[in-house]
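Some notes on the structure that comes next.
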Amino acid sequence: MNADSPAAEPPAAASATAVIELIEATVVAGGAGQTVLVEGIDCRIAAGEYWVIGGPPGSGKSSLLATMAGLCRPSKGTLRLFGRDTASFDDGEFLAARLRIGLVFENGGRVFNQLTVRENIALPLRYHQEQRPAATEERVKEILEATNLGPLADRLPGQITHPWRQRVGLARALALHPEVLLLDNPLAGLGPQDSRWWTGFLARLSAGQDVMGRRSATVVIATHDLRPWSRKGKQFALLKEGCWLPVGGQTELAGSDEPLLRELLAAESGVTPAVAS
Amino acid sequence: MSLPARYLDPIGRNIIRFLRTAQGLIAFTLITLGVALTKFNASAGVIHPLVRSQIYRAGLRLLPMISFLACALGLMIIGQMVALLTRVGAQNLAGTVMVTVVVRELGPLAAALVVLARVGAGYVIELGTARAQGEVEALEALCIDPVHYLVLPRMLGLALAIFSLTVYFIITTLVSGYLFAFLQDVPLLPGDYFKQLAMALTWQDFALLALKTCSFGMVIAVVSCYQGLAQPLRLEDVSRATSRAVVQSVVACVFLDALFILVYLTM
């Protein structure tokens, strides 16, 4: 089923503005233009949607998210952010569009090791908004509370464990009130308790949580394990052998007989890495 | 492979490697200068404290080391030179010799080399590790320009720090050198010594000292940051990048110094 078709989208989202749109796009490794990872991507992510993109390790999930975040441009095709082709943006407009998108990296969130947890969260606020220190502090406190990072606020990333570092990556991405949150394998290396916190927190973000000003955030998750997300995501897609395969909603996910999908929904640990990697 | 080709091949490779490095360094310098001009006051709340912290790191924290080095050089070289000049009846030249040796050459180079060893090498490790761990991509994801956030504060900080350290080094060396000469009963009064120094100094010395030391700081910062940031590094590449940065910085500083000598000679 094609994600563009009305049947693939919930009725409320069908008329919603597309926040990210890829048209016949080709994603390459690291944006360097050498290795093609995924071709022919046609996807339209509307405001407030909750997408889960599955694929084996090395299938191009991280590069796809980086492309969606505007970190690199597709080598072919079109990337549209908030309804406009990125090719038509000037530098200021592109920056403004990118600031509306938050990206959470995998493996500890790539937090800044020289800065404390509090400074990590405050950095984007201080860099982009130059607001009063009290306002920055207030926003940081709000995020620390929402993510339960308060007791660790003055520690360096090297002094906290991997699950907490991953959470710092999330907190930092939330600092600027992004409308879209892209998460790369957020549950990698987390235990069941932390995984439950993440799925619950993201569901609340998608529904509209205080920390985001009660606005419903658009959530896009890339993962090699679909199990924790099968009842949380609203739209699903697969990256298989360099192709983008839209799946549809939870019903289509449950009813699909696509072998890779069954593998991602059933595999306990290892999923066969993609050849492209 | 024929004999000439066997020798020409590595020479050619080295020339190409040198040209590529020079091209990369020049491009990186131009990008950094462009960012400095266009974004100097942007995000001042973040960037200015970073510049101050780099001045502290490369300046204030190195004061004990520079003091030791300045006193040692003052005692070993300057004191002996003053004593020697007095012994041969050329004490009138003391000021000119001091200015040429300490102000124009020894001071700037010594301060630059100390900063390179203590701070520049650290930059490569810091930035190379940050790059290898994906922190640079994280900055880009937050729409923070890595050159603005990581390179500019280091460049400005090192330029100001080396200038300040050099001034401090020169004063300490000249004073400690005279003290050593004084202890050797050299018949040169302090007033005469400092008068000679003042007579030997021209406004060009001050201007070129500032220009030279700031250039050294910028060159060390740019080379160190280039080696740490400009290419994707794995953790095991960081030590090699550090060695490269140190060698290239020394070569660039000596080259710059030679250019300044030409300027002095034409004045």
- Task: Report relative contact order for chain A in percent, whole number only (criteria: Cα-Cα under 8 Å, sequence separation at least 6).
- Result: 28
- So, with +1 on the Cβ of K and R and -1 on the Cβ of D and E, and no other charges, what is the size of the charge dipole of the protein assembly as shown about its Cα centre, to the nearest 20 debye? 1020
- Message: Taking the 0 to 90 degree range and rounding to the nearest ten, how far is the long axis of helix B:63-73 tilted relative to the main principal axis of chain B, both from C-alpha atoms?
- Response: 50
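Mind checking B:28-38 for the average number of partner chain beta-carbons within 10 Å of each residue's beta-carbon?
Going residue by residue through B:28-38 and averaging, the value is 0.
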- Message: What does the structure give for A:173-182 when I average, per residue, the other chain Cβ atoms found within 10 Å of the residue Cβ?
- Response: 1
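About the Cα centre of region B:3-266, how large is the charge dipole given +1 on each Lys and Arg Cβ and -1 on each Asp and Glu Cβ? Please answer in debye to the nearest 20.
On the way: 18 positive and 13 negative charges, 53 e Å.
The calculation lands at about 260 debye.
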- Take every DSSP beta bridge with both residues inside the protein assembly as shown and express the antiparallel ones as a percent of the total, to the nearest 5. 50
- May I ask you to order B:184-197, A:225-238 by the average number of other C-beta atoms within 10 Å around their residues, highest value first? A:225-238, B:184-197
- Specify whether the C-alpha gyration tensor of region A:60-181 places it in the rounded, prolate or oblate class, a ≥ b ≥ c being the square roots of the eigenvalues: rounded for a/c under 1.5, otherwise prolate if a/b is larger than b/c and oblate if not. oblate
- Mind ranking A:197, A:244 by accessible surface for me, highest first, 1.4 Å probe? A:197, A:244
- Query: Given +1 on the Cβ of Lys and Arg, -1 on the Cβ of Asp and Glu, and no further charges, what dipole in debye does chain A carry about its Cα centre, rounded to the nearest 20?
  - Reply: 660
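Just to confirm a number: summing +1 for Lys and Arg and -1 for Asp and Glu over residues other than residue A:35 whose beta-carbon lies under 15 angstrom from that of residue A:35, what do you get?
Overall, the nearby charge balance is 0.
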- Message: Using a Gaussian network model on chain B with a 10 Å cutoff between Cα atoms, which of B:82, B:247, B:219 fluctuates the most?
- Response: B:247
- Ordering of B:254-262, A:117-125, B:40-48 by burial proxy (mean other Cβ atoms within 10 Å per residue, highest first): A:117-125, B:40-48, B:254-262
- Calculated SAXS-style log₁₀ I(q)/I(0) at q = 0.13, 0.17 Å⁻¹ - region B:3-266, Debye, Cα scatterers: -0.87, -1.22
- Sort the protein assembly as shown into rounded, prolate or oblate with this rule: let a ≥ b ≥ c be the square roots of the eigenvalues of the Cα gyration tensor; rounded if a/c is under 1.5, and if a/c is not under 1.5, prolate when a/b is larger than b/c, oblate otherwise. prolate
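Run through the DSSP bridge list for chain A and note the antiparallel percent, rounded to the nearest 5.
50
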- Query: Where a ≥ b ≥ c are the square roots of the eigenvalues of the C-alpha gyration tensor, would you call region B:1-153 rounded, which needs a/c under 1.5, or, failing that, prolate if a/b is larger than b/c, or oblate?
  - Reply: oblate
- Cβ-defined net charge surrounding residue A:109, 10 Å radius [Lys, Arg +1; Asp, Glu -1]: +2
- Note on the structure: For residue A:212 the rounded accessible area (nearest 10 Å², probe 1.4 Å, non-protein molecules ignored) is 10
- Over region A:168-259, what is the percentage of antiparallel beta bridges among all DSSP beta bridges, to the nearest 5? 50
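The values are calculated or read from the model by the stated rules, or taken from the named source; none is laboratory data. Bear in mind that the values here come from a model prediction, so they are computed numbers and not experimental data. We place every Cβ from the backbone using ideal geometry, glycine too, and count neighbours over all the protein chains shown. Heads up: the accessible areas ignore ligands, DNA and RNA and are worked out on the full protein's heavy atoms, side chains in. Shrake-Rupley method; radii C 1.70, N 1.55, O 1.52, S 1.80 Å.
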